[in-house]
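Undergrad: Here it is: the structure, laid out below.
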Amino acid sequence: MKTVFTIIAPVFNEIGNLDYLYARITEVMDTTMEPWELVLVDDGSTDGSTEKIRDLAKQDERIQPVIFARNFGHQIAVTAGLDFSRGDAVVIIDADLQDPPEVILDLIQKWREGYEVVYAQRTEREGESWFKLATAKIFYRTIYRITDVKIPLDTGDFRLLDRKVVNVMNIMRERHRFLRGMSAWVGFRSIGVGYKREARHSGKTKYPFKKMVKLALTAVTSFSYMPLQIAMWVGFIAAGISIIAIPVVIILRSIGSQFFFGQATTLIAVLFLGGVQLISLGILGEYIGRIYDEVKGRPFYITTETPEDK
Ligand code: UDP
Ligand code: MG
């Protein structure tokens, strides 16, 4: 059977959302009059979402279940969805209905006009803490500044990708994946569509602060060497200051001035440089750890069930 559209939704403990997600997606996708499939990737849920996905797949053969052996994280879950997708156009959407499925029709419209990447851009966000809003704002702007690819502001993973783009992204087997960056990096004709991000239908966010920091680090390290270069610039500045300081201190001493005597000055200088060195080592370590992860070449995810088992 020909599949024109694939919808991918990563699921991590979203039991309260699955029925409604299925209903809303079905309603929207049926209006396209084209064959479609919904790939539900279960990212190690423990709340019964796994069984629910299996039930839905039994009810409706358009549902393709991908069940992970444990939690591998949101970006990896979406990656698995891309691996198993068969549509000519692939839409990535959150399972918590923060991204309204109706927007998919706008994305499809742009795709039909010839765009290969259509990303949904948040013009408004509802029901989120000021902390999440502020960190998200800083995050998107920092990434935009320091990375080499221009990742559109205020866009999450909610987007439509043409088959050509998906094929390219599927051969980019980097372990630490920041899909928004990757889909900007590959190029192709892209355009944004504005939408209002809703509040979660049910449950709470599965992105605690720790996961947000991890994603931000992946975004920076995957697309920028700037942190590594900062160490060099601080080094140049520190060396420059000491070169200027040598004649200054010699002159001060020869005219009998009491400036720059004492342990406090020395101690502060030593602590400062020690700190800078340790931070630089930490940054190096961050990149080396990532290289190590890549070199190990472990599979991205382990599945207990895939659409091929059907
Ligand atoms: N998710 C996942 N694995 C994780 C964390 C999240 O598959 O480890 C899914 C989650 O079920 C949801 C989507 O990723 O469908 C976005 O997560 P969430 O809504 O918690 O993030 P937020 O919208 O709060 O940033
Ligand atoms: Mg959400």
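Undergrad: If Lys and Arg each add +1 and Asp and Glu each add -1, what is the summed charge of the other residues whose beta carbon sits under 12 Å from the beta carbon of Phe223?
TA: Within the 12 Å Cβ shell, the charges total +2.
Undergrad: Give a residue-ordered list of calculated ³J(HN,Hα) values for segment 298-310 (Karplus: 6.51 cos²θ - 1.76 cosθ + 1.60, θ = phi - 60°; whole Hz; x for Gly, Pro).
TA: 5, x, 5, 8, 10, 10, 9, 7, 9, x, 5, 6, 5
Undergrad: Sticking with this one: What FRET efficiency do you get for Ile268 and Asp293 if R0 is 35 Å and r is their Cβ-Cβ distance, rounded to the nearest 0.05?
TA: Computed FRET efficiency for Ile268 and Asp293: 0.40.
Undergrad: Given Cα positions, please report Rg to Rh for segment 1-125, the hydrodynamic radius being the Kirkwood one.
TA: Reported Rg/Rh (Cα atoms, Kirkwood Rh): 0.94.
Undergrad: Here's another thing I want to ask about it. In square nanometres and to one decimal, what's the mean projected area of the convex hull around the Cα atoms of segment 226-284?
TA: 4.2
Undergrad: Taking the chain as a Gaussian network, where each spring joins two C-alpha atoms under 10 Å apart, which residue of Ala219, Ala264, Ala23 fluctuates the most?
TA: Comparing Ala219, Ala264, Ala23 in the GNM, the peak value goes to Ala264.
Undergrad: While we're on this one: Rounded, prolate or oblate for segment 39-96? Axes are the square roots of the Cα gyration tensor eigenvalues, ordered a ≥ b ≥ c, and the cut-off for rounded is a/c under 1.5.
TA: Verdict is oblate for segment 39-96.
Undergrad: What number, rounded to the nearest 500 deg cm²/dmol, is the helix-based mean residue ellipticity at 222 nm of the chain, given -39500 (n - 2.57) per DSSP H run of at least four residues and division by all its residues?
TA: Value at 222 nm, helices only: -16500 deg cm²/dmol.
Undergrad: Between the helical axis of 18-30 and the dominant principal axis of the chain, each derived from Cα atoms, what acute angle in degrees is found, rounded to the nearest 10?
TA: Value to nearest ten degrees: 70.
Undergrad: Can I ask one more? Could the peptides 9-18, 301-310 be put in order, highest first, of the mean number of other beta-carbon atoms found within 10 Å of their residues?
TA: Result, highest mean first: 9-18, 301-310.
Undergrad: Restricting things to Cα coordinates, could you compute the convex hull volume per residue of segment 72-196 in Å³?
TA: Hull volume over Cα atoms, normalised by residue count, gives 113 Å³.
Undergrad: Considering only protein heavy atoms, what per residue accessible area in square angstrom results for the chain with a 1.4 angstrom probe?
TA: Using a 1.4 Å probe on heavy atoms only, each residue of the chain averages 53 Å².
Undergrad: So for Glu174, Glu27, what's the accessible-area order with a 1.4 Å probe, most first?
TA: Reading off the accessible areas and sorting them downward yields Glu27, Glu174.
Undergrad: Of all DSSP beta bridges located in the chain, what percent are antiparallel, nearest 5?
TA: Bridges in the chain that DSSP calls antiparallel: roughly 30 percent.
Undergrad: Next question. Among Gln64, Gln98, Gln263, which one shows the highest mean-square fluctuation when the chain is modelled as a Gaussian network with alpha-carbon springs under 10 Å?
TA: Gln263
Undergrad: Take the solvent-accessible surface of the protein heavy atoms, probe 1.4 Å, and return the percent of it on the chain that carbon and sulfur atoms account for.
TA: 64
Undergrad: Once amide H atoms are built 1.01 Å from N in the peptide plane, which residues 5 or more positions from Glu37, or in another chain, come under 5 Å H to H?
TA: Phe5, Thr6, Ile7
Undergrad: Just want the answer: with Cβ charges of +1 for Lys and Arg and -1 for Asp and Glu, which residue in Gly203, Tyr144, Asn170 is farthest toward the dipole's positive end in segment 111-258?
TA: Gly203
Undergrad: Convert each backbone phi in segment 37-49 into a coupling constant with the Karplus relation 6.51 cos²θ - 1.76 cosθ + 1.60 (shift: θ = phi - 60°), then list the ³J(HN,Hα) values in order as whole Hz, x for Gly and Pro.
TA: Each residue of segment 37-49 in turn: 9, 10, 8, 9, 9, 8, 8, x, 5, 10, 10, x, 4 Hz.
Undergrad: Right, next: Whole-Hz ³J(HN,Hα) for each residue in segment 102-110, computed from phi via Karplus 6.51 cos²θ - 1.76 cosθ + 1.60 with θ = phi - 60°, x for glycine and proline: what do you get?
TA: Karplus values, whole Hz, x for Gly and Pro: 4, 5, 3, 5, 5, 4, 5, 4, 5.
Undergrad: Counting each pair of different Cα atoms once, what's the Kirkwood radius of the chain in Å, rounded to one decimal?
TA: 22.0
Undergrad: Compute, for segment 1-82, the length of the dipole vector about the Cα centre, with Cβ point charges of +1 (Lys, Arg) and -1 (Asp, Glu) only. Units Debye, rounded to 20.
TA: In debye, rounded to 20, segment 1-82 gives about 200.
Undergrad: Long-range amide H contacts for Asn17: which residues qualify at under 5 Å (H placed 1.01 Å from N, peptide plane, sequence gap of 5 or more or a different chain)?
TA: Close amide H contacts, sequence-distant or interchain: none at all.
The values are calculated or read from the model by the stated rules, or taken from the named source; none is laboratory data. Just so it is clear, the model here is predicted, and its values are computed rather than measured. Methodologically, a virtual Cβ is constructed for each residue, glycine included, from the backbone with ideal geometry; neighbour enumeration extends over all protein chains shown. Ligands, DNA and RNA are excluded from the accessible area calculation, which covers all protein heavy atoms including side chains. Shrake-Rupley method; radii C 1.70, N 1.55, O 1.52, S 1.80 Å.
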